[in-house]
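Values in this text are rule-based calculations from the coordinates and carry no lab data. None of these values were measured; they are calculated from a predicted model. Neighbour counts are summed over all protein chains in view; Cβ atoms, including those assigned to glycine, are modelled from backbone coordinates with ideal geometry.
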Amino acid sequence: MMKKMLAGAALTALSLNAFAADYTDGDIHKNDYKWSQFNLMYAYKQLPRAESQTHTGHDYMEMEFGGRSGIFDLYGYVDVFNLTNAGQDSSASDKMFMKFAPRISLDALTGKDLSFGPVQEVYFSTLFNWSGNGVVNDGNFGIGADVMVPWLGKTGMNLMASYEIGAEEWDGFHFAMNWFKPFKFFENGSFLSFQGYIDYEFGIDESYLDFNDDGVMDAQLKTSSGGDIFLGLYWHSDRYAVGYGLKGFKDVYGLKDGGAAGDTTGWSHYFAVTYKF
């Protein structure tokens, strides 16, 4: 799934401005903005993937949104997979996935300037993931910040503890980092951007999955850590975007490569065409 594409000239301006969010004047809505867009995507060799899966590519529609209102900073998307139902594996696949990541600005909430060094703003961070078939159902809770990184500019970083909602237990930690860097501007107002993210899970309890009631065929499901990185190159105009992303996986979601979850380590390719509202 693609994340943090970020849309519109207002967001571009935000990414270029290197200033702390100062709410000591009491105006918590002065930095408000909102955006939404539709991304028509094609993913090739997306992971994790069962070793028996014969079709390695699929299309999907992504409805992506975000913005800022007072103390709340929001990012989220809803994916609808395999719109054309291509391939014999499609009928057994989950058709939907949703990510919802609201953050609460502690600067705006307290009315104090909590910035220091490269840290521009501090947040209470949350992240929720839901799949249509209920297999994925988790919440993450912790601390976050907007950090000025050399060349990349303002970069979101979050460190959260992970809670498996279905299993009703805490399981490891999640570090998330995302960026949006315009680097080449054209006379017509369009531009090229380098954008992407890193997700890393660690401190996970390893567990095992039985394939039969006798426990004869045990296969490891989880490992102690894992993650992914997305490196995207996109062309943006006020209304459209076109891009390519290379995504690397290593025991993604903490699922052991070659274990019960199938292939979870490798590289995938993502192609996107976007319409911005």
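A Stokes-Einstein calculation at 10 °C with viscosity 1.306 mPa s, built on the Kirkwood radius of segment 8-276 over Cα pairs, returns a diffusion coefficient of 79 µm²/s. Starting from a Cα-only point model with no solvent, please compute log10 I(q)/I(0) by Debye for segment 145-277 at q = 0.17, 0.20, 0.22 1/Å. One equal scatterer on each Cα of segment 145-277 leads to -0.99, -1.16, -1.26.
In terms of surrounding Cβ atoms within a 10 Å radius of their Cβ, D113, D22 rank from fewest to most as D113, D22. Annotation note: trypsin sites (Lys or Arg not before Pro) in segment 97-176 located in DSSP loop regions with a Cβ neighbour count of at most 13 within 10 Å are K112.
Dipole magnitude of segment 8-276 about its Cα centre, charges +1 at Lys/Arg Cβ and -1 at Asp/Glu Cβ only, in debye to the nearest 20?
Roughly 1240 debye, rounded to the nearest 20.
For segment 88-173, what is the convex hull volume of its Cα atoms per residue in Å³? Intermediate values should be presented prior to the final figure.
Values: hull volume 11.5 nm³, N = 86.
It is 133 Å³ per residue.
Going toward the positive end of the dipole of segment 8-276, with +1 on Lys and Arg Cβ and -1 on Asp and Glu Cβ, which of G66, L159, V78 do you reach last? The residue sitting most towards the positive pole is G66. Computed from the C-alpha gyration tensor, the three semi-axes of the ellipsoid equivalent to segment 136-207 are 34, 12, 9 Å, from longest to shortest.
Pairwise Cα separations in segment 94-139 fall into 10 Å bins from 0 onward with the following percentages, short to long: 25, 32, 21, 17, 4.
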